[in-house]
1. Give all pairs with beta carbons closer than 8 Å in which a residue from the range 305-316 that is in contact (Cβ under 8 Å) with a residue 24 or more places away in the chain meets a residue that is in a strand (DSSP E or B) and hydrophobic (A, V, I, L, M, F, W, C); count only pairs at least 6 apart in sequence or on separate chains.
2. Of all the residues that make up the range 145-164, how many are closer than 17 Å to G266 by Cβ, surrounded by fewer than 18 Cβ atoms within 10 Å (Cβ to Cβ) and in contact (Cβ under 8 Å) with a residue 40 or more places away in the chain?
3. Of the residues A41, A84, A115, A64, only one is crowded, with 23+ Cβ neighbours inside 10 Å and either assigned by TED's automatic domain parsing to the domain that holds V141 or closer than 30 Å to S333 by Cα (or both); which?
4. If you take the residues of the range 185-199 that are touching a strand residue (DSSP E or B) at 6+ places or on another chain (Cβ under 6 Å) and free of Cβ contacts under 8 Å to residues at least 60 places away in the same chain, which of them is farthest from V110 (Cα to Cα)?
5. If you check every pair at least six apart or on different chains, which have Cβ atoms under 7 Å apart with a residue in the range 120-144 that is at positive phi first and a residue that is part of a helix (DSSP H, G or I) second?
6. Would you be able to say whether some residue in the range 152-164 is aromatic (F, W, Y) and within 15 Å of M1 (Cβ to Cβ)?
7. Filter the range 151-209 down to the residues that are closer than 29 Å to L99 by Cα and over 20 Å from the mean Cα position of the chain (by Cα) and list them by number.
Amino acid sequence: MEIYGIIMAGGGGTRFWPLSRQHTPKQLLNLSGKDVMVDEAISRLSRIALPENIYIATNEQQLAPMREAVKGRIPLKNIFPEPASRNTAACIGYAAVELIKRKGDGVMIVTPSDAFIRDEESFARTLRLAVRAAEETGELVTVGIRPTFPATGYGYIRMEQGDGLVKKAIRFVEKPPYAQAEEYLKSGDYVWNSGMFVWKASTILEHYRTLLPELYHYLEELGEAVGTPSEESVLREAYSKISSVSVDYGILERSRDILVVTGEFGWSDVGSWDMLSAVRREDEDGNIVVGDGVLLDTRDTTVYAKSRTVALLGLDGLVVVETPDAVLVCPRSRAQDVKRVVDELRERGREDLL
């Protein structure tokens with residue numbers, strides 16, 4: 001059975017403003033100093049799937065820069081442009097019907113574009129195990145990360161007890177408070193929800209049919225139009241009516257057929273400026289400096305200087321991001337709230353900064 005890699009790359013990455021913008025979101029940024037994030041995702045999946053079987057789902061606003069970023073790595077026809085953001089259920093369903101109509105059924109490896117993976121060989125081994133489980137059982141498989149600290153910003157999955165790396169999922173928990181996360185860590189029964197999934201295209205569509213029938217109806221219409229002159233208009237019509245729902249909430253939390261494959265491969269969800277330490281080394285004072293930064297008597301601070309020198313004196317625990325048209329300054333502890341700045345700019349009609 002064919003193996004398809006699906007990279008979800010349609011997010012706005014608003015927590016990395018002002019570096020991340022609508023046309024150059026987080027997945028098109030080089031945060032690690034090695035490559036843009038979507039290309040790193042392609043390289044990882046190339047260990048398991050052929051380049052011609054790797055696909056990207058993105059927002060149509062990002063289509064041109066996405067094509068430029070991935071040119072020569074995968075066929076450009078393998079980019080699926082979504083007319084609007086409708087969360088992961090629509091994105092994955094769209095990819096599934098396209099794949100079945102274009103190439104036939106196969107195992108989909110669905111990954112976000114913006115995770116950081118330190119040990120790519122262990123990552124590949126984990127995905128191969130997940131692919132085998134999806135093929136042999138016909139069930140939905142999600143990749144769980146063995147937790148290393150009581151994170152409150154991640155979702156958790158409780159698994160049944162027992163030996164082996166493939167276990168039955170019991171329940172999903174969204175971003176617990178610290179005390180509860182500590183209990184999860186001690187119990188050994190929970191893993192972080194990585195947002196990576198493995199399943200047959202036909203299997204996930206059958207779950208849409210039973211659990212998300214309205215969305216499935218639009219996917220059926222889209223499937224009939226794939227490869228015809230009406231495909232784009234049918235896609236736009238469907239996305240104007242589809243509700244925004246995550247595949248976790250719409251499918252996984254409501255299904256009893258979920259397996260969890262546990263992985264340990266140095267995974268980090270690089271979701272905001274305070275998580276940059278996952279891809280950049282801190283100095284002896286806990287600082288991260290990208291670009292021309294001068295930090296004196298300053299600790300636990302992130303500086304990203306795009307076009308000029310940024311100097312800090314006697315400060316602790318900040319994020320400072322400088323671009324030619326905007327500067328962000330906030331405590332590291334408030335980095336998750338940068339999206340509020342983007343919302344305020346949108347409310348003020350400052351599209352030039354979005």
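1. K306/V321
2. From the range 145-164, those closer than 17 Å to G266 by Cβ are 145-149, 151, 154; that's our starting set.
Right, trim to surrounded by fewer than 18 Cβ atoms within 10 Å (Cβ to Cβ) and you get 146-149.
From the residues that got through so far, the ones that are in contact (Cβ under 8 Å) with a residue 40 or more places away in the chain too are 146-147.
Residues flagged as closer than 17 Å to G266 by Cβ, surrounded by fewer than 18 Cβ atoms within 10 Å (Cβ to Cβ) and in contact (Cβ under 8 Å) with a residue 40 or more places away in the chain within the range 145-164 amount to 2.
3. After applying the criteria, what remains is A41.
4. D189
5. Every condition considered, the pairs that remain are G138/T203.
6. The answer is no, given that none of the residues of the range 152-164 is aromatic (F, W, Y) and within 15 Å of M1 (Cβ to Cβ).
7. L165, V166, K167, K168, A169, S202, T203, L205, E206, H207, Y208, R209
Residues are listed down the side, and each one gets a yes or a no for (1) among the hydroxyl-bearing types (S, T, Y); (2) touching a residue at least 12 places away in the same chain (Cβ under 8 Å); (3) in contact with a helix residue (DSSP H, G or I) (Cβ under 8 Å, 6 or more places away or on another chain):
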| residue | (1), (2), (3) |
| --- | --- |
| G33 | no, yes, no |
| E52 | no, yes, yes |
| Y55 | yes, yes, yes |
| Q61 | no, yes, no |
| L76 | no, no, yes |
| E82 | no, yes, yes |
| A89 | no, yes, yes |
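The values are calculated or read from the model by the stated rules, or taken from the named source; none is laboratory data. Keep in mind it's a predicted model, so treat the numbers as computed, not measured. When we count neighbours, we look across all protein chains shown, and the Cβ atoms used for this are built from the backbone with ideal geometry, even at glycine.
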